[in-house]
1. Taking the stretch 42-54, which residues are more than 10 Å from the chain's Cα centre (by Cα) and not in a loop (DSSP other than H, G, I, E, B)?
2. Restricting the search to the stretch 61-85, which residues are under 21 Å from Leu39 (Cβ atoms) and out of contact with any helix residue (DSSP H, G or I) (no Cβ under 6 Å at 6 or more places or on another chain)?
3. Write out, first by first residue and then by second, each pair whose Cβ atoms fall under 7 Å of each other, whose residues are 6+ apart or on separate chains, and whose first residue, in the stretch 1-30, is in contact (Cβ under 8 Å) with a residue 40 or more places away in the chain while the second is among the β-branched types (Val, Ile, Thr) and part of a helix (DSSP H, G or I).
4. Please determine, by comparing only the residues of the stretch 58-94 that are free of Cβ contacts under 8 Å to residues at least 40 places away in the same chain and surrounded by fewer than 13 Cβ atoms within 10 Å (Cβ to Cβ), which one is farthest from Ala5 (Cα to Cα).
5. Restricting the search to the stretch 12-36, which residues are charged (D, E, K, R), more than 13 Å from the chain's Cα centre (by Cα) and not in a helix (DSSP H, G or I)?
6. Please pick out the residue among Lys97, Lys22, Lys13, Lys84 that is of a type outside the set (Phe, Trp, Tyr) and in contact with a Leu (Cβ under 7 Å, 6 or more places away or on another chain).
Amino acid sequence: MLRVALFVRLEAKAGKENDVAKFLETGLALANQEATTPLWFALRFGPSSFGVFDAFADESGRQAHLNGPIAQALMAKAAELFAKPPAIEPIDVLGTKLP
């Protein structure tokens, strides 16, 4: 069961919207390599507003993700792509329905 998650809000710099979308699309390959990240979504809320939602079985999985290649890539590109620093929110999962 998925018990903990992360929700990350991202606001693209003007003119960087397509770059952010492409960057997030490439994150899927990295997420697929993380054994402790069973659920990962890259999201677009509007023209310049993006997000990432991922969920984990436990806190150690969440911490592994926060210290892993996706988080490192995100922080390395933050100044170039985002209007403000990524807002990373740890959340608890209260229930899930998966296929």
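1. If the condition is that a residue be more than 10 Å from the chain's Cα centre (by Cα) and not in a loop (DSSP other than H, G, I, E, B), then Arg44, Ser49 are the ones that fit.
2. In the first step, residues of the stretch 61-85 are kept if they are under 21 Å from Leu39 (Cβ atoms); the result is 61-74.
Residues satisfying the conditions are Gly61, Arg62, Gln63, Ala64, His65, Leu66, Asn67, Gly68, Ala71, Gln72, Ala73, Leu74.
3. Leu10/Val20; Ala12/Val20; Gly27/Ile70; Leu30/Ile70
4. Ala79
5. Applying the first criterion (charged (D, E, K, R)) to the stretch 12-36 yields 13, 16-17, 19, 22, 25, 34.
If we keep only those that are more than 13 Å from the chain's Cα centre (by Cα) too, we end up with 13, 16-17, 19, 22.
The answer is Lys13, Lys16.
6. The unique qualifying residue is Lys13.
For (1) at pLDDT 95 or above; (2) not in a loop (DSSP other than H, G, I, E, B), each residue gets a yes or a no:
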| residue | (1), (2) |
| --- | --- |
| Trp40 | yes, yes |
| Ala76 | yes, yes |
| Lys84 | yes, no |
| Ile91 | yes, yes |
| Pro99 | no, no |
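The values are calculated or read from the model by the stated rules, or taken from the named source; none is laboratory data. The model shown is predicted, which means the values in this text are computed figures rather than measured ones. FYI the Cβ positions are ideal-geometry reconstructions off the backbone, even for glycines, and counts take in every protein chain you see.
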